[in-house]
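First up is the structure itself, then whatever we jot down about it.
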C-alpha cells in the first residue's frame with residue numbers, strides 16, 4: 001500500500017483528464033479542466049489552489065486563502081477574453 005504525507009486521508013479527486021489523482025487531508029477537492037486543483041480545509045478555514053502537472057504541484061499566488069467556516073466548493077470554469085483563465089491577453093498555444 002502506498003504511503004501519503006498528509007496524515008489522515010480525507011479526500012481523493014481525479015483530474016478531469018483522468019491522468020492525475022489528488023490525495024489530501026482536505027475536506028473537499030475539485031479540479032478544473034486546466035489541471036488546477038482547489039481544496040478546502042474546514043478545520044483550518046482555508047482555500048488552497050494549485051497548478052498540478054505529472055511531476056509537481058505549485059501553489060497559486062496567495063494560496064492558501066482564509067475563508068470563514070468553509071463548507072463546500074464548486075469550481076466554475078472561467079475563460080478570459082484571450083481564451084484561457086487568467087485574462088493576460090496571451091493566446092493559448
Note: among 92, 77, just one is closer than 12 Å to residue 35 by Cα and modelled with pLDDT under 80, namely 77
Within segment 34-52, the count of residues that are without any contact (Cβ under 8 Å) to a residue 24 or more places away in the chain and on the phi < 0 side of the Ramachandran plot comes to 6
> On the given criteria, is residue 26 surrounded by 17 or more Cβ atoms within 10 Å (Cβ to Cβ), touching a strand residue (DSSP E or B) at 6+ places or on another chain (Cβ under 9 Å), assigned to a loop (DSSP other than H, G, I, E, B) and in contact (Cβ under 8 Å) with a residue 12 or more places away in the chain?
Replying inline: yes
Residue 50 meets each of (1) within 30 Å of residue 2 (Cβ to Cβ); (2) at pLDDT below 90 with one exception, condition (2)
How many residues of segment 7-23 are loosely packed, with under 12 Cβ neighbours inside 10 Å and part of a loop (DSSP other than H, G, I, E, B)? The answer is 6
Is it the case that some residue within segment 61-73 is part of a strand (DSSP E or B), loosely packed, with under 15 Cβ neighbours inside 10 Å, at pLDDT 90 or above and within 12 Å of the chain's Cα centre (by Cα)? no
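The values are calculated or read from the model by the stated rules, or taken from the named source; none is laboratory data. Because the structure is a prediction, the values reported are computed rather than measured. Glycine also receives a Cβ, built like all others from the backbone with ideal geometry; neighbour counts cover every protein chain displayed.
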